[in-house]
Amino acid sequence: MDLVTLEAVRAAAAELDGVVQRTPVERSRAIGSVIDAEVWVKCENLQRTGSFKLRGAFHRIAQLSDAERARGVVCASAGNHAQGVALAAAMQGVEARVFMPVEAPLPKVDATLAYGAEVELTGSSFDEALSAAQSAADDAGAVFVHPFDHPDIIAGQGTVGLELVEQVPDAATVVVPVGGGGLIAGVAVALRALRDDATAEGSALRSEFEATYGPDPELLSERRSAYLDLLQHAGSVLGPLEPVFLVRAPGRVNILGRHIDHQGGNCNLMAIDREILMAVHPRSDDRVRLLNVEGGEFASREFGISEMLTRLPWDDWLSLVNSESLGDMLRAAQGDWALYVQAAVLRLQKRFPTVRLRGMDVVVHGNIPIGAGLSSSSALVVATAEATVIANHLEVLPSQFVDLCGEGEWYVGTRGGSAD
C-alpha cells in the first residue's frame with residue numbers, strides 16, 4: 001500500500017468540502033478534571049451518518065474511473081462504514097451493495113437501506129460478512145471498498161486531523177480510538193506534518209505499551225517501529241485481511257555465563273529490553289509455517305505436527321529427547337531455528353495428548369543477538385509456547401507453563417532449568 005502524504009490528505013479535504021460537516025470540538029470538564037488537563041472532544045458523532053466513516057468512503061469512491069463506477073461498489077460492515085459507503089455512493093450515482101452480519105444493529109441496517117444501498121445480512125460475525133463481500137465483489141467485478149486498508153480511505157479520515165490542527169492548535173496529545181487503524185493513520189499523517197511536537201496515540205495501545213516497556217520515549221518509539229515492521233511483513237506474506245494475534249518473549253542476561261547442564265535448576269532470570277515478537281495466524285490444519293522478517297538470515301520453514309508424531313518415539317518426553325532418532329534429526333538440522341519452535345509445539349502436544357493441536361502461520365521478528373548469552377533460543381521457545389497455548393485455547397497454569405518451556409528445550413539438547 002502506498003504511503004499517505006499530507007498532500008493526499010489536503011486533496012481529500014478539498015474534495016470533501018461541502019460534502020461532510022466540519023464537526024465542532026467541545027471542552028470536556030469531566031474528563032479534564034480526572035486527568036488534570038484541558039481536554040477537547042472532536043464531535044464526529046455529529047457527522048453525517050453519525051461517524052467519520054463518510055470521509056474516507058466518499059473520497060475512495062470519488063477516485064474511481066467511470067468504468068469502475070458503472071460496476072458498482074461492495075463493502076462489509078457492522079454499521080458505520082456501511083452507512084458511509086451507502087451515502088457516499090448515492091451522492092455520486094454509484095450502486096452500492098453492503099454485506100452486514102445477521103445480528104447487525106437494526107437502526108444501522110435501516111439507515112443503510114434508507115441511503116439507497118442494497119443490504120445483504122450474512123454470517124454471524126464481521127469476518128464472515130467480509131469474506132462474503134469480497135467474494136461478491138470478485139464475482140461481479142465490482143470495487144471492494146475496504147473499511148480502513150486503502151490509501152484513499154486513510155487520506156479521507158485524515159481530514160479529521162487537519163480540522164483538529166486548526167480548531168485546537170496547541171493540543172499536545174491527540175487520543176484516537178483504534179479499530180482497524182484507518183482513522184489514527186490518517187490523523188497521524190496530518191499531525192506529524194503540521195505539528196511535529198504533537199503525538200497521536202491510540203489510548204489503549206499507548207497504555208499497553210507503557211505498561212510493558214515503561215515511559216522512556218526512545219524505547220517506546222523503537223518498539224513501535226518493530227511492531228509495525230512485524231505487522232507490515234505479516235500483511236505482505238499472509239495477506240492484509242488475515243487476522244493475527246501478537247506475542248512477545250524477552251531475552252535474559254545469562255548471569256552464570258553458561259547454561260546449567262542438568263534438568264532442573266534456575267538461571268537467566270534478568271530480563272532485558274531485547275525480545276522475540278510474533279504475529280500468529282491460527283490455521284485449520286496442523287501445519288506450522290515459519291516466516292522471519294530477517295528472511296535472509298532465517299529461511300522460511302514448515303512442518304506438520306502429525307508428521308512429527310509419526311517420525312519420533314512417543315512413550316514419554318524423556319524417551320523422546322534422549323532418542324537416537326531425534327539425535328540424528330538434530331545433527332542433520334545443525335541448529336536450525338525451526339527446532340526451537342518444534343520444541344515448544346511438541347512439548348505441549350505431549351502434555352495434551354487428547355487434543356489435536358492446530359497449526360499456525362508464525363511471522364517472527366527479534367532483536368536478541370545470537371550466541372551472546374542473552375537466551376535468544378529460549379525466548380523463541382517461550383514465544384512459540386505462548387502462541388500455541390493461545391491458538392489452541394489450552395488451560396495451562398503459569399507454573400506449568402514455566403516447566404513446559406524448560407522441558408521443551410531438552411528437545412534441542414539443552415539441559416536448562418526453569419529459566420530456559
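Which entry in [x] 0.97; [y] 1.16; [z] 1.42 matches Cα Rg over 2.2 N^0.38 Å derived from the coordinates of this structure? Here the calculated entry is [y]. Over the residues of the chain, the helix contribution to mean residue ellipticity at 222 nm works out to -14000 deg cm²/dmol, using -39500 (n - 2.57) for each DSSP H run of at least 4.
Would you mind classifying region 36-118 by shape? Square roots of the alpha carbon gyration tensor eigenvalues, ordered a ≥ b ≥ c; an a/c under 1.5 is rounded, otherwise it is prolate if a/b is larger than b/c and oblate if not.
Working: a/c = 2.69, a/b = 1.50, b/c = 1.80.
Judged from the Cα gyration tensor, region 36-118 comes out oblate (a/c at least 1.5, b/c at or above a/b).
Applying 1/(1 + (r/R0)^6) with R0 = 30 Å to the Cβ-Cβ distance of ASN367 and LEU3 gives a FRET efficiency near 0.80.
Output the 0 to 90 degree angle, nearest 10, between the alpha-carbon long axis of helix 203-213 and the longest principal axis computed from the alpha carbons of the chain. Long axis of 203-213 versus the principal axis of the chain: about 20 degrees. Centre-to-centre separation between the Cα atoms of region 273-338 and those of region 84-155: 42 Å. The residue list ALA249, VAL174, GLN349 was ranked by how far each Cα lies along the charge dipole of the chain toward its positive end, using unit charges on Cβ atoms, and GLN349 comes out on top. Summary of packing: across the peptides 147-155, 82-90, 159-167, the per-residue average of other C-beta atoms within 10 Å ranks them, highest first, as 82-90, 147-155, 159-167. Relative contact order for the chain: 12 percent, from Cα pairs under 8 Å spaced at least 6 residues apart, divided by residue count. For region 13-24, the Karplus equation 6.51 cos²θ - 1.76 cosθ + 1.60, evaluated at θ = phi - 60°, returns couplings of 4, 5, 5, 7, 4, x, 9, 9, 7, 7, 5, x Hz by residue, with Gly and Pro reported as x. Think of each Lys and Arg Cβ as +1 and each Asp and Glu Cβ as -1; about the Cα centre, that makes the dipole of region 38-120 roughly 200 debye. Summarising the amide proton neighbourhood of ILE276: residues at separation of 5 or more, or on other chains, whose placed amide H is nearer than 5 Å comprise ALA249, GLY251. Relative to the longest principal axis of the Cα atoms of the chain, helix 376-392 runs at roughly 60 degrees.
Using the 10 angstrom Cβ neighbour count as an exposure proxy, how do ARG69, ARG27, ARG60 rank, fewest first?
Details: ARG69 17, ARG27 12, ARG60 25.
With the sparsest Cβ surroundings first, the list reads ARG27, ARG69, ARG60.
Judged by the mean number of other Cβ atoms found within 10 Å, the most tightly packed of the peptides 130-137, 384-391 leads the ranking 384-391, 130-137.
A short reminder: the numbers here are calculations on the coordinates, not readings from a lab. Just so we're clear, the structure is a prediction, and the values are computed from it rather than from any experiment. Quick reminder, even Gly has a Cβ in these numbers, built from the backbone with ideal geometry, and neighbours come from all protein chains shown.
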